[in-house]
């Protein structure tokens, strides 16, 4: 695989357009445009949403770029292929179209996940998936479509301000993330497990759960400032069994990542991304008592804390930035 630097040296020949949901956060939206622009690879940056997306078709109609990357949170940007005319318009483009499937497909808790993903097959040429279990979906149903494991990546903006040494931060565990319905009308199913865990954790004075919304669509500054205050950041079970952007953000911000164990599922690729006790502290979300989790993480001395923080930050910077991810995808799929 070519390095990020060698990919950047190809910028005069490689032009990448990026399409994403305008309402999504930095690392699955504008951060891609920002990082590809830094690398000299960006062609067009095209935000869109379910209401405003007609411009996507007109902009891409006569493009001669090397690749169009679709950052898909909402079921492969379902509103771009919900009519025959839209599907024909996108399919007619001769530019390779890569869809990054950053929601689970086979095991999604959201309605119509498989149906909407199957429909996208008429539009996109290449697929990257972040849930290991979705490999079978592509292999069995669409063997002629190029696909590969491609977890979420984060912008290098996350690394610009390293913050204080992890051991010098306030010894508390921060959780920042969603705990309620996303508008699909299945709130009690989708996030019930998270809410149950939050009720167990938030009664402790060492646990921080800010309820105010932090807008990360235009940058990570406010979220970074919050995470820089605390030694630890915890990730709770999520709809996608693969890593979310929040996992890599915690590590990039230099905090100690506390990550749930999912041993009952074969997550071979995901389990290779970060190593327990080298890059993060593992815990069993539904069997570990919160007090035991706190005792386990609080036993780490300053040297161990700073060593784990540095190791995790380094591996994310080397392997899980947007430029690193696009390097791998370009060289494996094109």
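Every read-out reported here was derived from the displayed coordinates using simple, explicitly stated rules and does not represent laboratory data. Worth saying up front: this structure is predicted, and the values here are computed from it rather than measured. Positions of Cβ are backbone-derived with ideal geometry, glycine not excepted, and every protein chain shown enters the neighbour counts.
If you take the beta carbon distance between residue 319 and residue 229 as r and set R0 to 25 Å, what does 1/(1 + (r/R0)^6) give as a FRET efficiency, to the nearest 0.05? Between residue 319 and residue 229 the formula returns 0.40. Computed from Cα atoms, the angle from the helix 302-319 axis to the main principal axis of the chain rounds to 0 degrees. Relative contact order for segment 157-319: 27 percent, from Cα pairs under 8 Å spaced at least 6 residues apart, divided by residue count. Ordering 294, 26 from the fewest to the most neighbouring beta carbons within 10 Å gives 294, 26. Mean-square fluctuations from a GNM of the chain, with a 10 angstrom spring cutoff on Cα atoms, peak among 200, 227, 245 at 200.
Do you know the relative contact order of the chain, to the nearest whole percent, from alpha carbon pairs under 8 angstrom that are 6+ apart?
19
Taken as Cα centroids, segment 263-314 and segment 43-77 sit 37 Å apart, rounded to the nearest whole angstrom. In terms of its alpha-carbon gyration tensor, segment 97-203 comes out oblate; a/c meets the 1.5 threshold, while b/c is at least as large as a/b.
Projecting the alpha carbon convex hull of segment 1-133 along each direction and taking the average yields 8.4 nm². The modelled label-to-label distance between residue 136 and residue 331, using points 7 Å beyond Cα along the C-beta direction, is 3.2 nm. In plain terms, the residue of 325, 109 with the fewest other Cβ atoms within 10 Å comes first and the most crowded comes last, giving 109, 325. Largest GNM mean-square fluctuation among 223, 77, 88, using the chain with Cα springs under 10 Å: 88. For the chain, the longest principal axis of the alpha carbon atoms and the long axis of helix 322-333 meet at an angle near 50°. Note on the chain: Cα-Cα pairs beyond 33 Å make up 26% of the total pair count. Rounded, prolate or oblate: which one fits segment 157-319, using the alpha carbon gyration tensor with axes a ≥ b ≥ c (rounded when a/c is under 1.5, else prolate when a/b beats b/c, else oblate)? Rounded, since a/c falls under 1.5. Report note on the peptides 295-307, 122-134: ranked by the mean count of other C-beta atoms within 10 Å, highest first, their order is 122-134, 295-307.
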